[in-house]
1. Mind checking whether some residue in the range 214-221 is at pLDDT below 95, open to solvent by 10 Å² or more (accessible area, probe 1.4 Å) and not in a helix (DSSP H, G or I)?
2. So which of Pro233, Pro304 is crowded, with 17+ Cβ neighbours inside 10 Å, touching a residue at least 24 places away in the same chain (Cβ under 8 Å), assigned to a loop (DSSP other than H, G, I, E, B) and not hydrophobic (A, V, I, L, M, F, W, C)?
3. Is it the case that some residue within the range 8-23 is of a type in the set (D, E, K, R), assigned to a loop (DSSP other than H, G, I, E, B), under 28 Å from the mean Cα position of the chain (by Cα) and surrounded by fewer than 18 Cβ atoms within 10 Å (Cβ to Cβ)?
4. Please state which of the following conditions Ile299 fails to meet, knowing it meets all the rest: (1) at pLDDT below 95; (2) open to solvent by 60 Å² or more (accessible area, probe 1.4 Å); (3) of a type outside the set (Lys, Arg).
5. Within the range 155-169, how many residues turn out to be modelled with pLDDT under 95, within 20 Å of Phe8 (Cβ to Cβ) and open to solvent by less than 50 Å² (accessible area, probe 1.4 Å)?
6. Looking for something part of a loop (DSSP other than H, G, I, E, B), under 28 Å from the mean Cα position of the chain (by Cα), of a type in the set (S, T, N, Q) and surrounded by 13 or more Cβ atoms within 10 Å (Cβ to Cβ) - is there at least one such residue anywhere in the range 241-253?
7. Can you name the residue in the range 72-117 that is of a type in the set (Phe, Trp, Tyr) and part of a strand (DSSP E or B) and, of all such residues, is most open to solvent (accessible area, probe 1.4 Å)?
8. Here is a check on your reading of the model: is Leu134 under 19 Å from the mean Cα position of the chain (by Cα), aliphatic (A, V, I, L, M) and surrounded by fewer than 18 Cβ atoms within 10 Å (Cβ to Cβ)?
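The values are calculated or read from the model by the stated rules, or taken from the named source; none is laboratory data. As the structure is a prediction and not an experimental result, all values here were calculated from the model. Cβ placement follows ideal geometry from the backbone for every residue including glycine, while neighbour counts extend to all protein chains displayed. When the accessible area is computed, the model is the full protein with side chains, heavy atoms only, and any ligands, DNA or RNA have been set aside. Shrake-Rupley method; radii C 1.70, N 1.55, O 1.52, S 1.80 Å.
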Amino acid sequence: MDIPVYLFIGFLDSGKTKFIDETLKDPRFESKDTTLLLLCEEGEEEYDVTAYKGGKIIIETIEEDDLTPFNLTVLAKKSNAKRVVVEYNGMWQLQSFYDAMPDDWILYQQFLLMDATTAISYNSNMRSLVVDKLTDAELVIFNRYNDSIDKMALHKIVRGISRRADIAYEYEDGSVAYDDIEDPLPFDINASVIEIADKDFAIWYRDMTEELPKYDGKTVKFKGIVAKNTDMPKGSFVLGRHVMTCCADDITYSGIVCDWTGAETLTQRDWIIITAKIELKKHKMYGKKGPVLTVSEVIRTSAPEQELATFY
């Protein structure tokens, strides 16, 4: 039987313990089953397992070096847990936990808590760690919020990485306001041809890959750099840009498979502008369904002023 996992992430003093404690006491979250509460750091606050009305709460503490499928399986069997709540250390990479999850652990929800009074500083000084935690978060909660804090600055921290995450602002009195700032895309998705400016490639690529059905059948025009290899079928190439999410260490080539009868005339690292129809279909280069661009026009061009695509 699959074991649901609820992952609560945050940096030191971000309010994780308080939030988890309130969640475990919430009647909507209560369960008669045993819950394994896995702590990845020792905070200033402690849990009182006698305060929960639901099933038994078993607390275990673990170090990052001990995060392995074997060790987590042992802890689950030892506690006879039917669900797992994790208080995750914000200084650890999330991949450490993902790699350690046993096959029968299923990630149900992922929350990120940030102290609104220090979030901007953390984002500036530890951007790569913040990005790591934001990428898969379903809900981001900025606690200790007050109206003197620039809400738009906090909003941009999240939206620079994810358009999917919900955002909430928790005031010091416990009241909560949900983010209602609109994020219009910097291009017209309803245009007959969606034209992507050089500076907007990263935003478009992320939105397109996150919401593929929305783009199925649309026609797009953008500039990119060609990638080819000998494994590609005749008439195919990949077009994309190098995208930097937070720092030089995370630069990746983000490309899309293209079909064009003149593909053999292109060479590696050519800069071109294409007009193409996006179709969600199976392609050899993906090995499954993915976005495929059927190219109708190719214009050879030079690199944009800023070759590296970013979200800012």
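1. no
2. Details: Pro233 fails: crowded, with 17+ Cβ neighbours inside 10 Å.
Within the list Pro233, Pro304, the selection yields Pro304.
3. Restricting attention to the range 8-23, the residues satisfying the condition of being of a type in the set (D, E, K, R) are 13, 16, 18, 21-22.
Narrowing further to those that are assigned to a loop (DSSP other than H, G, I, E, B): 13.
Restricting the remaining residues to those that are under 28 Å from the mean Cα position of the chain (by Cα) gives 13.
Now narrow it down to the ones that are surrounded by fewer than 18 Cβ atoms within 10 Å (Cβ to Cβ): 13.
Yes, because at least one residue in the range 8-23 is of a type in the set (D, E, K, R), assigned to a loop (DSSP other than H, G, I, E, B), under 28 Å from the mean Cα position of the chain (by Cα) and surrounded by fewer than 18 Cβ atoms within 10 Å (Cβ to Cβ).
4. Exception for Ile299: condition (1).
5. The total comes to 5.
6. The answer is yes, given that some residue of the range 241-253 is part of a loop (DSSP other than H, G, I, E, B), under 28 Å from the mean Cα position of the chain (by Cα), of a type in the set (S, T, N, Q) and surrounded by 13 or more Cβ atoms within 10 Å (Cβ to Cβ).
7. Out of the qualifying residues, it is Tyr108.
8. No, not satisfied.
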